[in-house]
1. Excluding same-chain residues fewer than 8 positions from LYS36, which lysines have a Cα within less than 26 Å of its Cα?
2. Counting only protein chains, not ligands or nucleic acids, how are GLU60, GLU115, GLU35 ordered by accessible area (probe 1.4 Å), most first?
3. I'm checking a number: the convex hull volume of the Cα atoms of region 93-140, normalised per residue, in Å³. What is it?
4. Under a point-charge model restricted to the Cβ atoms of Lys and Arg (+1) and Asp and Glu (-1), what is the dipole moment magnitude of region 1-44 relative to its Cα centre, in debye to the nearest 20?
5. For region 1-128, what's the relative contact order in percent, using C-alpha pairs closer than 8 Å and at least 6 residues apart?
6. Ignoring everything except DSSP H segments at least 4 long, calculate the 222 nm mean residue ellipticity for the chain; use -39,500 (n - 2.57) per segment, divide by total residues, nearest 500.
7. As a test of reading the structure, rank ASP70, ASP119 by solvent-accessible area (1.4 Å probe, protein chains only), most first.
8. Enter the accessible area of MET80 (Å², nearest 10), with the probe set to 1.4 Å and all protein chains included.
Amino acid sequence: MVTIIDADGLLLGRMASIVAKRALGGEEIALINTEKAVISGARASVLQHYRVKRTRGSREGGPFFPRRPDHIVKRTIRGMLPYKRQRGIDAFKAIKTYVGVPTDLKGQPAERLDEAHIDRLNTSRYVTIGAVSTFLGSKY
């Protein structure tokens, strides 16, 4: 059974740590609406941070950082997993991320993570993953 989590209005770091922990516990998770997840902080500093991540390294040797919002979210979750060990590899394979809601998951109930919701943020400064992705040049 796959657990569906709606990422709309969730804080990226908190959501990623919760999803990573649950995946390590053996759960299969599908994240929908990943482009609507948010990163807290001033817009200019967040975009600059992700520009540096994207341009670091070389085209041939990496490190490679994604542009698409679903790939950015999955990469963030990967950072919270022991992805070079077998249990981390298995947990990473159990996580699927989607932009929007795919047709095979439409109509199914999606879980809300209240402990990662944007309402917990005490500032109005945040940027959506979709905005970061567009800034990096993605055409999702």
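1. Counting by Cα, and skipping residues close in sequence, LYS36 has these lysines nearby: LYS21, LYS53, LYS74, LYS93, LYS96, LYS106, LYS139.
2. On the way: GLU60 160, GLU115 90, GLU35 30 Å².
Greatest to least solvent exposure: GLU60, GLU115, GLU35.
3. Working: hull volume 6.8 nm³, N = 48.
Hull volume over Cα atoms, normalised by residue count, gives 143 Å³.
4. Values: 5 positive and 5 negative charges, 47 e Å.
With Lys and Arg at +1 and Asp and Glu at -1, about 220 debye.
5. Values: 191 pairs, mean separation 53.7, N = 128.
Across region 1-128, relative contact order equals 42 percent.
6. Working: 5 runs with 52 residues, N = 140.
Theoretical 222 nm ellipticity from helices: -11000 deg cm²/dmol.
7. On the way: ASP70 10, ASP119 125 Å².
Accessible-area ranking of ASP70, ASP119, largest first: ASP119, ASP70.
8. For MET80, solvent-accessible area is about 80 Å².
The values are calculated or read from the model by the stated rules, or taken from the named source; none is laboratory data. Bear in mind that the values here come from a model prediction, so they are computed numbers and not experimental data. Virtual Cβ from ideal backbone geometry, glycine too; neighbours counted across all protein chains shown. Protein only, heavy atoms only, side chains kept; ligands, DNA and RNA dropped before computing areas. Shrake-Rupley method; radii C 1.70, N 1.55, O 1.52, S 1.80 Å.
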